[in-house]
Amino acid sequence: MSPVPLILLIGILLLNFDQSSALSVGSRSLFREVSSNRAGDVDYAVELNATNFDAVLRDTPAMFSVVEFFAHWCPACRNYKPHYEKVARLFNGPDAVHPGIIVMTRVDCALK
């Protein structure tokens, strides 16, 4: 087994939501692009924190959510970020290949 799927299984939490609580699949309000510090880079994963965690996961139009828990200072987490972004690009964003199935999110556990 390659390390990326193993890290994915260890570093994320898969949440299944009831289909009746999901909004319409065509809604893209959660999937807006957020620019990062570097010019040209696009962050496709939705940032979660203590104030928006429940609301975003409850109101997402996707049936499933993948939550990555990471620390911004961790070298392994920094190295993993580009791989997570590749997957997030498939599900989130205006040009998603598979929109409305899974919302890719992340939580920086080092922030208060």
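The values are calculated or read from the model by the stated rules, or taken from the named source; none is laboratory data. Being a predicted model, the structure only gives us computed values, none of them experimental. FYI the Cβ positions are ideal-geometry reconstructions off the backbone, even for glycines, and counts take in every protein chain you see. Remember, those area values only see protein heavy atoms, side chains included, never the ligands or the DNA or RNA. Shrake-Rupley method; radii C 1.70, N 1.55, O 1.52, S 1.80 Å.
Solvent-accessible area per residue for segment 41-111 at a 1.4 Å probe radius, Å²?
Working: 3620 Å² over 71 residues.
Per residue, segment 41-111 has an accessible area of 51 Å².
Using a 1.4 angstrom probe on the protein heavy atoms only, line up Asp59, Asp54, Asp43, Asp95 by accessible area, largest first.
On the way: Asp59 70, Asp54 110, Asp43 15, Asp95 135 Å².
Greatest to least solvent exposure: Asp95, Asp54, Asp59, Asp43.
Could you give the length gained on full extension between Lys86 and Cys74, defined as 0.36 nm per residue of separation minus the Cα-Cα distance, in nm? Show your work: numbers first, answer last.
On the way: separation 12, 0.36 × 12 = 4.32 nm, distance 1.94 nm.
Stretched fully, the Lys86-Cys74 segment lengthens by 2.4 nm.
I need the chymotrypsin sites (Phe, Trp or Tyr not before Pro) found in segment 70-112, filtered to DSSP loop residues with at most 14 other beta carbons within 10 Å of theirs. Mind dumping the intermediate values first?
Values: sites: Phe70, Trp73, Tyr80, Tyr84, Phe91; in loops: Trp73.
Answer by residue number: Trp73.
Quick one: check the C-alpha center-to-center distance for segment 92-112 versus segment 69-83, whole angstrom.
For segment 92-112 versus segment 69-83, the Cα centre distance is 15 Å.
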